[in-house]
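Read the figures in this text as sums done on the coordinates, not as results from a lab. Note that the coordinates shown come from a computational prediction; the quantities given were computed from them, not determined experimentally. Neighbour counts run over all protein chains shown; Cβ positions are idealised from the backbone, glycine included.
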Amino acid sequence: MEHFSDHCATCHSNDGGGHTLFGKGLYPKPPDPRAAGTQNKSNGELYYTIENGVRLSGMPAFSEEHSAAQTWRLVLFIRHLPQITAEELNEMKGLNPKTEADRANF
């Protein structure tokens, strides 16, 4: 959850719906990880997408940013997104990247 909030939610949003400043402005739009099109992919396909990105889209390759274990945990979290609870979404808000001004208030 923490890793998704920090690295993925900027475009995909905490709930996966993509309703963010970046998510709304990207073309093609970031896929909703909760949707059947994503959930029907194999774990290996999800892992490959996270590691290698998607050419000609806003999805970067994270192979240099994530360890293999982190990427597999992201795959598991993507599997969990369709059942995410309001409490988990609230917790994720505190994990999202902060601006310098936000950090100064902590």
Expected output is a single nm value to one decimal: the length gained when fully extending between Asn40 and Thr85, i.e. 0.36 nm times separation in residues minus the C-alpha distance. What is it? 14.1 nm
Cβ-defined net charge surrounding Gly53, 12 Å radius [Lys, Arg +1; Asp, Glu -1]: -2
When Glu45, Glu87 are arranged by how many other beta-carbons sit within 10 Å of their Cβ, fewest first, they go Glu87, Glu45
Taking the Cα centre of the chain as origin, work out the dipole magnitude from +1 charges on Lys and Arg Cβ and -1 charges on Asp and Glu Cβ, in debye rounded to 20. 320 debye
Give the order of Thr38, Thr85 when sorted by the count of other beta carbons within 10 angstrom, beginning with the fewest. Thr85, Thr38
What is the dipole size for the range 38-94, taken about its Cα centre, with +1 at each Lys and Arg Cβ and -1 at each Asp and Glu Cβ, in debye to the nearest 20? 180 debye
